[in-house]
Amino acid sequence: MRAHMSGVAGTALRAADASSLPRPERSNPEAPYQAFGCSIFPSSMAPVAERAGAALQQEDWGDTTCPLLFIQLNQLLSTPAGLEWRETARWIKFEEKVEHGGERWSAPHVPALPLHSLFQLRTCLQKGTMLLDLDAPSFKEIIDKVLSGQPEEAELQPELRERLAALLLRQPRHQPTKSLLWLLAELGLSPCRGKAKSWSEPGAQLSETPLKEQLRNRFKKKVPPGAEAAHIAVGEVEFLEKPFTAFIRLRRGVALGSLAEVALPSRFLFILLGPRAKVKAYHEVGRAMATLLTDELFQRVARQAEHRDDLIAGMEVFLDELTVLPPGKWDPSARIPPTSCLPSPHRRTAMHPPDRQSHGNGDMAAAGDRAGLGHLRSREELERTGRLFGGLLRDIRRKAPWYGSDFSDALHPQCLSAVLYIYLATVTNAITFGGMLGDATTNMQGVLESFLGTAFAGSIFCLFSGQPLTILSSTGPVLVFERLLFSFSQDHSLDYLEFRLWIGLWVAFFGVVLVATEASHLVRYFTRFTEEGFCALISLIFIYDSLKKMLSLANAFPINWQYRLDDVTSYSCVCNLSSPSHSSAGNDTPLPSTLAPRQPPATLAGLSRTQCLGRGGQLLGTSCQYVPDVTLVSFLLFGGTFLSCTALKRFRSSRYFPVGVRKLVSDFAIILAILASCAVDAALGLETPKLLVPSELKPTNPARGWIVFPFGANPWWVCLVSAVPAILVTILIFMDQQITAVILNRREYKLQKGAGFHLDLLCVSLLMVVTSATGLPWYVSATVISLAHMESLRKESATSAPGEHPEFLGIREQRLTGLAVFVLTGVSVFMAPVLKHIPMPVLYGVFLHMGVAALNSIQLTDRVRLLLMPAKHQPDLAYLRHVPLRRVHLFTVIQLLCLALLWVLKSTMAAIVFPVMLLALVGIRKGLERVFSLHDLSWLDSLLPETAGKEAEGKQPRKRKEEESNGEEVGDVLGATLFHSRPQGCFGAGAEPGLSPLAPSAPAALARRMTDVPGDQSALGKFRKRGRGNGAGRRALTASACALRAACWERVTRSGVAGAAPNSAPPSAERAQWAQAERRVGGAAPAAG
């Protein structure tokens, strides 16, 4: 079980230390508890460690970045040529060992230390030489100062000092990380493996300048800029009778020549040399020191330590968090691989100690903490200003300073990959939804209108929106409404485009009203429940449409299921020009073979299928409808593209090839998959369906023009009636736009430039006017494509320590990729000769990949998998630790039912109420608070704003009440304690021992005086918590109060307490109050004064 430190008692102890005697060097770890006169169990660590923990919890320590340490362990080994320093291990964040034979480094792993080595290291730090903030320009001067700075009782003889100095100044033999070309060159120069040239001969002196091998070492690429080095030297020598240890911290980083494997400035050194027969112990102590220095908390203590006790205190903190594995339950030789997620130092120092944590599911404090994290409700973008267009003006002021960098930040090769990927996805989406719109509106809006509308609306949005990473597109819900609107217009003899124009104008008006009234404030109510339901719906639409398009190929290119190899001689197809009435060109019924000889031979041989149909002929025969292999190859291209996209995207975490190659392949994964599939299609030469782009700038339907006039075709009252369907469209646009914006602006994406909910909604509303007036489709944020755009622009750390996963740094926020995508979409009309070589099954495979990737990015998918897993095979998810499994399944089933309802509404004639159902998701989420506890909802979802507000408001009175109770009770206890333990003569001459000069209100006044100091207040609160319960707890409270007596009494006597009357005896009322306080703490009442 891992224990954590608390800064509560540390704060009080610092206040007590300020007025007490100098701190003695402690050798007995239980002495502090014995001084308190109580058991070791009330506190989880030594006071010195608590003081170090309190120092680490200061607010300003996280603002400074601690340089990373490269730690090298050199061990003194005996060789036939003599003693030699040899590098045996190294650390940055994890340990790497030189394998036996010295030919290669091991895989990075978590170091496993013998517990005894840590205790031996503590002894070395307590008794060895310690030089802090040493000024020395060279390693030789460092060694001279270390050997001359020995204490008198451990001072070495001059001869031993000379021998130690000569030994320590020898050149160590490093194990560099060699490139493949370096290895090949060595093999060419030295064919014999045993004669490979080493760094230096044993006994050579340390060089003051870096060697050529150090500068060529490829491992330096793994070390981040600004890193420093720490050197650990251990070994056994025959001329020493007792161990020699030294810990050195240099005032500033100093280049120590060829001492380190990598040329870095050095900051720490640790030396341990001793007599023979303990080489294993020396090696393990060196590993323990290296492991301590890799811990960021201890490293901060080591950098700021002023004397020896501070280092010991930092080690106590390290030991307090130590986890011990029992012997016999695991293999000590097994190497523990690094985990993908490690707790940050902030999280480690902020955690509460185990005795204050709750292990039950009803921990409302944890729920409240989670409610305040990670959701948009607390973001500044969603705070109301109370002024018209106040949120819009705030968005503009927030985004304006970043406008220049929105273009300069796009100058990166990764953006080129994102442009090509999202361009093909946008073109495919425009063709797909354009074709569907054409079918639903008799080509009043077709593929060309979809291309032009996407290019225009997307470009304007990327230039002026608040979140330019959003991709605008026609979406499934909007397509459903367009289909219903056209059917309604046809049934009531209304002009579709004019009716649609007035709806668009009303929607724009309603949108501007929503922006003016800061309606985006309601986005705070879109919790994970609503986000995941909408995201899952759009993802399923992408998956369903891609599969539906592929299955439709079986109709356009049917498979001849009646084909028999033995009947190949009877299959034929001829052109009949003489008698068109005999058959039809689309006849699927196999005709008798006797029909073939009816045509003249010259007519049959000279015409192709296209020529035959062009002359009005008929195709007759059993194989006329047989298209070989097209459907099968199309499905192979479809599945191959999907699998290739998925595999190449994951190539970043592969074990093959250097990291630069892996990142490049992962960034261009979609483009590489598309190019590979196109190459396969071109090699096969089959007539698979290709990407067909309009090549002429004219309306798809010749009966319409480019401008839609508001009057003339429909009655005058249509402009007023249009407001009714416009309300539904406004709800749809608002929900679609804002839910997508919430998903894209999640905190886990680490966006730095802020969101613009009001500005985005205004841009979409104004674009509705232009697209409605020109008869172009309506556009709103496309959830799946926008998520794909975000994922293609992920930034990760360029350097990572061996074994460490690259750190996610955020998203490359800029406007250029989206703008380039939409400009390319507009000019695609002129790129038809190039685009026609891309098979449609390949683009449908990309569609499937985007839908699956978006579906896998939500928690709902993980919880659906849990429904199919036995409990013992379920992953260790955070919410499974805090929420019962049946409650998790119930929450999942409710989400699935809502998703199914949305799908049914979208697919039936009831689609007119689909926007209302989207809005109803928020109401359903509110109703879940009657089914689930707030604790469960805080883990499975997020708390609604008013619920989180009530929780926060409820905590404040409880906290104040607890503080007041702390003051009253602890004041009584401290008053009684101080009454009995004050020194004689504290209140002036003639004061009798045991008599208090305090007035009747002294205990409460003392408590108020004490709680005026934050450190004392938290310390007293902790003492009060320990004192609850039986008499033993009360007596422990009294003992804890005694520990603060000196500092508290000094503060009281220095500043005075209200109502105190020096040199006066307490009246009878005060005697009764003190007696009552004494009875509460289990002590004896003072004698009558």
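Before moving on, here are some points about what is shown:
- Segments 808-818, 753-763, 324-334 sorted - mean Cβ within 10 Å per residue, highest first: 753-763, 808-818, 324-334
- 1.4 Å probe accessible area per residue over the stretch 634-787, in Å²: 44
- When SER340, SER459, SER487 are compared by accessible surface with a 1.4 Å probe, the order from highest to lowest is SER340, SER487, SER459.
- LEU156 contributes an accessible area of around 20 Å² to the protein surface, as traced by a 1.4 Å probe with all chains present.
- Listed cross-link partners LYS212/LYS649; LYS212/LYS278; LYS753/LYS926; LYS663/LYS753; LYS399/LYS750; LYS649/LYS690 are compared with a 28 Å cut-off, the Cα-Cα value being larger for LYS212/LYS649; LYS212/LYS278; LYS753/LYS926.
- Across LYS280/LYS329; LYS127/LYS221; LYS548/LYS836; LYS795/LYS872, pairs whose alpha-carbon gap is larger than 27 Å: LYS127/LYS221; LYS795/LYS872
- 20 Å cut-off, amide nitrogen to a point 7 angstrom out along VAL913 Cα→Cβ, residues in the stretch 712-729: 724-729
- Near SER266, the amide H atoms lying under 5 Å from its own belong to ALA229, VAL254, ALA255, LEU256; only residues 5 or more places off or on other chains count, and H is placed 1.01 Å from N.
- Peptides ranked, highest mean first, by Cβ atoms within 10 Å: ranges 307-320, 234-247: 307-320, 234-247
- Remark: accessible surface ordering of ARG483, ARG287, ARG528 (largest first) is ARG483, ARG528, ARG287, probe radius 1.4 Å.
- For VAL574, the amide hydrogen comes within under 5 Å of the amide hydrogens of LEU620, GLY621, counting only partners 5 or more places away or on other chains and with H modelled in the peptide plane.
- As a fraction of the 1.4 Å probe accessible area of the stretch 419-496, surface on carbon and sulfur atoms comes out at 63 percent.
- Residues whose amide H comes within less than 5 Å of that of ASN701, counting only those at least five positions distant or on another chain, are absent (H built at 1.01 Å from N in the peptide plane).
- Taking θ as phi - 60° and the Karplus parameters 6.51, -1.76 and 1.60, the scalar couplings of the stretch 879-891 work out to 6, 6, 7, 10, 10, x, 4, 5, 6, 4, 5, 5, 4 Hz in sequence order, x denoting glycine and proline.
- Semi-axes of the equivalent ellipsoid for the stretch 704-783, computed as √(5λ) from the eigenvalues of its C-alpha gyration tensor and ordered from largest down, come to 32, 14, 9 Å.
- Potential lengthening between ALA900 and ARG615 on full extension [0.36 nm per residue; Cα-Cα distance subtracted]: 97.4 nm
- For TRP105, the solvent-accessible surface computed with a 1.4 Å probe is close to 30 Å², ligands and nucleic acids excluded.
- Multiplying the residue separation of LEU577 and ALA713 by 0.36 nm and removing their Cα-Cα distance gives an extension gain of 44.2 nm.
- Between LYS212 and SER608, the contour length at 0.36 nm per residue exceeds the alpha carbon distance by 135.2 nm.
- TYR525 contributes about 60 Å² of solvent-accessible surface, heavy atoms of the protein only, 1.4 Å probe.
- Burial ranking of peptide ranges 204-212, 630-638 (average Cβ count within 10 Å, highest at the top): 630-638, 204-212
- Per-pair calculated FRET efficiency, R0 = 30 Å: GLU99 and PHE657 via Cβ, rounded to 0.05: 0.85
- In order along the stretch 896-905, phi translates into HN-Hα couplings of 5, 5, 5, 5, 5, 5, 4, 5, 5, 5 Hz, rounded to whole numbers, per the Karplus curve 6.51 cos²θ - 1.76 cosθ + 1.60 with θ = phi - 60° and x for Gly and Pro.
The values are calculated or read from the model by the stated rules, or taken from the named source; none is laboratory data. This structure is a prediction, so every number in the text was calculated from the model and none was measured. Virtual Cβ from ideal backbone geometry, glycine too; neighbours counted across all protein chains shown. Note: areas computed on protein heavy atoms with side chains; ligands, DNA, RNA excluded. Shrake-Rupley method; radii C 1.70, N 1.55, O 1.52, S 1.80 Å.
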